[in-house]
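Structure first, then comments.
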C-alpha cells in the first residue's frame, strides 16, 4: 500500500537541463549566497527525511558533479538530456525501486527548504490513498512533487517537456495539495531577470530573497 510508515522516499534532483533561457551560463552553477544554485537544492534534500538523494545530470555533467563532489549523493547520467525534462524524470524513475516513493526537486529552485520537503513526506505517510503530493502556497501549486510507489512505472515512461504532467492530470483527484508557508515553492530561476531578483545575503544561514528590480 502507498504511504506506509516504512516506505522510503528517494529525492531526485533534476539537474540535467541545458538552461537555454539563461543564456551562455549554466544557471545551476550560478552563485546564490556564495554557493552554486544546484548545491542549495541538494543540501535541502540531504537535510530532509528522504532516504537518499539522486542527482540526474546531463548538460555539463562534469561541472555539476564537481560542485557536489563532497556531498553524499548518487549521480544518474541522462544521455537524452537534450530531449527535455521528461527524459530526466524517466532516468530518475529508472534509478529507484518500484517499492520506493520518489520526490522530484527542480535544481533551479534554491529557496525550497528541507522543511517543505518533510511536509510532503509526512503527508505521503499520513494519507496512503493519495498518489501524488504537491506544495501549495496561497492556493497555488508548485514544486517539488512527491509520487507514490504506484506511479514509478509510469514515471519510467516520461518523455518530452511534459515531465509528469500527465500523471497530475490522470490522478487529479488523488493528488494532495499540501499547504506550505514558503513562496519559494513557486519560484524557479530560468532567465537572467529571474536571477537578478535574487538577493545574495551576507550570511549562508539565510535563504535567498527576491528584491524589486
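Against the condition in contact with a helix residue (DSSP H, G or I) (Cβ under 9 Å, 6 or more places away or on another chain) and either assigned to a loop (DSSP other than H, G, I, E, B) or more than 17 Å from residue 117 (Cβ to Cβ) (or both), how does residue 76 come out, does it pass? Break it down stepwise before answering.
Values: in contact with a helix residue (DSSP H, G or I) (Cβ under 9 Å, 6 or more places away or on another chain): yes; either assigned to a loop (DSSP other than H, G, I, E, B) or more than 17 Å from residue 117 (Cβ to Cβ) (or both): yes.
Spelling it out, residue 76 is indeed in contact with a helix residue (DSSP H, G or I) (Cβ under 9 Å, 6 or more places away or on another chain) and either assigned to a loop (DSSP other than H, G, I, E, B) or more than 17 Å from residue 117 (Cβ to Cβ) (or both).
Is one or more of the residues making up the stretch 35-45 farther than 17 Å from residue 108 by Cα and in contact (Cβ under 8 Å) with a residue 24 or more places away in the chain?
Looking only at the stretch 35-45, we keep the residues that are farther than 17 Å from residue 108 by Cα, and these are none.
Scanning the stretch 35-45, I find no residue that is farther than 17 Å from residue 108 by Cα and in contact (Cβ under 8 Å) with a residue 24 or more places away in the chain, so the answer is no.
Specify the residue that is nearest to residue 153 (Cα to Cα); the eligible residues are those in the stretch 60-73 that are in a loop (DSSP other than H, G, I, E, B) and in contact with a strand residue (DSSP E or B) (Cβ under 9 Å, 6 or more places away or on another chain).
We begin by selecting, within the stretch 60-73, every residue in a loop (DSSP other than H, G, I, E, B); these are 68-73.
When the remaining residues are screened for being in contact with a strand residue (DSSP E or B) (Cβ under 9 Å, 6 or more places away or on another chain), the result is 68, 71-73.
Details: 68: 29, 71: 29, 72: 26, 73: 23 Å.
This residue is 73.
With respect to residue 103, is the statement that it is crowded, with 22+ Cβ neighbours inside 10 Å and outside any loop (DSSP other than H, G, I, E, B) true? If you could, list the steps in order and put the result at the bottom.
Numbers: crowded, with 22+ Cβ neighbours inside 10 Å: yes; outside any loop (DSSP other than H, G, I, E, B): yes.
Against the criterion (crowded, with 22+ Cβ neighbours inside 10 Å and outside any loop (DSSP other than H, G, I, E, B)), residue 103 qualifies.
Does residue 86 satisfy being at pLDDT below 95, surrounded by fewer than 23 Cβ atoms within 10 Å (Cβ to Cβ), outside any strand (DSSP E or B) and in contact with a helix residue (DSSP H, G or I) (Cβ under 7 Å, 6 or more places away or on another chain)?
no
Are any of the residues in the stretch 43-50 touching a strand residue (DSSP E or B) at 6+ places or on another chain (Cβ under 7 Å) and under 19 Å from residue 86 (Cα atoms)?
No: the stretch 43-50 contains no residue that is touching a strand residue (DSSP E or B) at 6+ places or on another chain (Cβ under 7 Å) and under 19 Å from residue 86 (Cα atoms).
Only one residue in 112, 73, 152 is closer than 23 Å to residue 32 by Cβ and over 13 Å from the mean Cα position of the chain (by Cα). Which one? Let's see the steps before the verdict.
Working: 112 fails: over 13 Å from the mean Cα position of the chain (by Cα); 152 fails: closer than 23 Å to residue 32 by Cβ.
Residue meeting the stated conditions: 73.
The values are calculated or read from the model by the stated rules, or taken from the named source; none is laboratory data. Remember, predicted model here, so these are calculated numbers, not experimental data. Every residue, glycine as well, gets a Cβ built from its backbone with ideal geometry; the counts of neighbours run over all protein chains shown.
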